[in-house]
Every structure is written in C-alpha cells, then in structure tokens.
Amino acid sequence: MNESIRNISELDRVIHEPGRLMIAALLFAVEQADFLYLQHETDMNKGTLSSHLSRLEEAGYVEITKTFRAKIPQTLLRLTPAGRQAFEGYRRNLKAAL
Amino acid sequence: MATQEQVQSYLEQPKRYYNIDGLGEISIGVMMLGFALISWLQASTPKVSLWNRQSSFFVCAALMLIVIDHGAKAVKKRITYPRTGFVEYRRDAKARMAPMVLGAVTAAAFGFLMKYGRVNPAAVAGMIVVPTYAYGVARAVQWKWLTVAVLAVGSGAIASLPTGLLASIARDAVAGPKSRFTPDMVGSWLIEALFIGATIGVSGGITLLRYLRETQAPEGAAE
C-alpha cells in the first residue's frame, strides 16, 4: 500500500474531525482553559462544543472539571497525557501524509 | 483535510489571545516608560546617589516587573476571563526559558553595542523593537501595522536628531570622562524609551477600549 495513503488511514479519527482538531490544538498549547474560552476561540455554539468535548472525554483525551469562580460555575478543560500523545501522533502522521 | 498550517495556526491562537484585551502591549508600554524613568533618574542625579548603584537598578526593575505582572493578572481576572474565557498557560521549563533567554541575550547584545559600539541607542532599539513587535503582535492584527509604521518612522526620526539636542536632554548625565556613555547616547535612549513605551501603550489602550466595547460577559454562568 502507498505509504502516504497508509499514513492517512492511520490518522486518529477522534482528533481528525475539524471541530475536535481545533479543540485539541487549542488545549495542546495551554495548561488548561475554560469552556467560555473554547467557545470564543472556536466560534461554536454550546451544544456543538459540548458534544465534541464529550467525544474527546470518552476517548480519554480531555479531562473536564466542574468548579466555581466567584460563585459562577466554570468548566475547566485540559488535555490528558493520552490526549497530548494522540495529538502529537496525529501531527506526525499528518506531516507524513501530506 | 486539515493542513499543517491550519494546525499551526490553532496552536498559536492561545498566544495571540494573551493580547486580545491589549494588556500585553500595555504591560510592555508601562515597562518601557518605567525603564525611561529609571534612566532619567540615573541621568539627572549625582553619580554617588542611590539611583546610580547597579543594585538599585535591578531592584527597581524587578519591582516594576512584579507590579506589572500582578496588575495585568488582576485586570485579566476581572475583565478578560468573565468576557472571553480563562486560559492558564503552560508552565514547563522549556516554554518559560525560551523568552527569558531571548530577552537576556537581546538585552546583553544591546548593552554591549551601547558600551563598546558607540552606536545610536534609538537606532538599535528601533531595530530590535520594530521587527519583534511586527512578528509578535502585528502579524495577527492588521491595524497594528500602523503601530509598526509609527514605531519605525519615530525611531528613525529620533536616531536622526542632532547630537547637540540629544546631549542637551541629558546634559547632567553621569557620563563622566571615564564613562563610555556620552550625554547624547543617554538622551537618545531616554527619548526612544519614552516614545516606544507611549506608542505601544497607546496601541494597547486602543485595543482594550475596543475589547470592552465589543465583548460582554455572557449572562449568568461562565459555563
């Protein structure tokens, strides 16, 4: 099989979806961020963003912590070590495929 | 399919977010004005005064940086995080060391050039600040190229000011016969630091005003 095609087939499907790729990249560059930040930076509505985050959480790539900031609920998000590894792997495969 | 450029752009987005409220620029502006103030105090007080001790300079600079850092964090906590979200940047040693090493090398090169090269401080500062600002800030926000142009033209104009005029600003400067810093060099640095600080500070102020006008904290919860 052509190596380039094999690299494409090896791309992580969870991260490959454009919305989730954006979320993963944004979280990869920081220690943690809240839901509001992701909503602002991705321009997604709450429902879409929540659904992508649930998918990433199911895959074990994102850790979601519910907390309070000055009595206001805050959802903190961070990539887990597995999420960081998966994102790095995705970038490697993408580079090799293109 | 996503391209590597797209992914790289996403990865750089959090860095750009730091100045979404203009506070990054305001901090740099205040820092430059602070350095101008310290330099002015050094230039206008006797050589034996407290201000001309090297330790005083480092203490003042450190205190200033701490105040700026805490001030920026306090403002972000009250204004930015409730409006467009909270970000905690990575704390790994590599990410922290890179800008510190770069800053130290640049400061050392600047100091070396000033001390031994007898070059115009305004020209050198302009050559450092203009490309750094263009890469770090203007690349992401189109209208900031206007600030780049102002910085470039202003630094060039300050560098071309007559030596006599620059020397008159710091006539009583501590630059004695043994000093390598002549009064015109001190004067040139003072004006350049004031100019850079004011320009970047005003640019950051405009960004902050626009940010306040265009954003609003979502009703109820931050989610």
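The values are calculated or read from the model by the stated rules, or taken from the named source; none is laboratory data. Fair warning: this is a prediction, and the values are worked out from it, not measured in the lab. So basically every Cβ, Gly included, is an ideal-geometry build from the backbone, and we count neighbours across all protein chains shown.
Numerical summary
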{"read-out": "Among (1) away from chain A (no Cβ under 14 Å); (2) charged (D, E, K, R); (3) crowded, with 19+ Cβ neighbours inside 10 Å, the one test that B:K47 misses", "value": "(3)"}
{"read-out": "Residues of the range A:50-64 satisfying the condition of being within 12 Å of another protein chain (Cβ to nearest Cβ) and either surrounded by fewer than 20 Cβ atoms within 10 Å (Cβ to Cβ) or under 25 Å from A:K95 (Cβ atoms) (or both)", "value": "A:S50, A:I64"}
{"read-out": "Which numbered condition B:S168 misses (of (1) without any contact (Cβ under 8 Å) to a residue 24 or more places away in the chain; (2) within 14 Å of chain A (Cβ to nearest Cβ); (3) part of a helix (DSSP H, G or I))", "value": "(2)"}
{"read-out": "Within the range A:1-18, considering residues that are within 11 Å of chain B (Cβ to nearest Cβ) and more than 18 Å from A:T80 (Cα to Cα), the one surrounded by the most Cβ atoms within 10 Å (Cβ to Cβ)", "value": "A:L11"}
{"read-out": "Residues of the range B:107-120 satisfying the condition of being in a loop (DSSP other than H, G, I, E, B) and crowded, with 17+ Cβ neighbours inside 10 Å", "value": "B:N120"}
{"read-out": "Among (1) modelled with pLDDT of 80 or more; (2) closer than 30 Å to B:G187 by Cα, the one test that B:V87 misses", "value": "(2)"}
{"read-out": "Lone qualifier among B:A109, B:A125, B:A93 - being within 14 Å of chain A (Cβ to nearest Cβ), of a type in the set (G, A, S) and closer than 23 Å to B:A62 by Cβ", "value": "B:A93"}
{"read-out": "Single condition B:T84 does not satisfy, out of (1) within 14 Å of chain A (Cβ to nearest Cβ); (2) loosely packed, with under 12 Cβ neighbours inside 10 Å", "value": "(2)"}
{"read-out": "Residues of the range B:193-218 that turn out to be of a type in the set (S, T, N, Q), modelled with pLDDT of 95 or more and either over 22 Å from B:A157 (Cβ atoms) or in contact with a Cys (Cβ under 9 Å, 6 or more places away or on another chain) (or both), as a count", "value": "1"}
{"read-out": "Any hit, the range A:20-38, residues being within 11 Å of chain B (Cβ to nearest Cβ), under 27 Å from B:R91 (Cβ atoms) and surrounded by fewer than 18 Cβ atoms within 10 Å (Cβ to Cβ)", "value": "yes"}
{"read-out": "Cross-chain or 6+ apart pairs with Cβ under 8 Å, the range B:1-20 first and facing another protein chain (nearest Cβ under 8 Å) and surrounded by fewer than 14 Cβ atoms within 10 Å (Cβ to Cβ), then among the polar types (S, T, N, Q) and not in a helix (DSSP H, G or I)", "value": "none"}
{"read-out": "Complete set of residues in the range B:51-72 that are surrounded by fewer than 11 Cβ atoms within 10 Å (Cβ to Cβ) and not hydroxyl-bearing (S, T, Y)", "value": "B:Q54, B:F58, B:A62, B:I66, B:H70"}
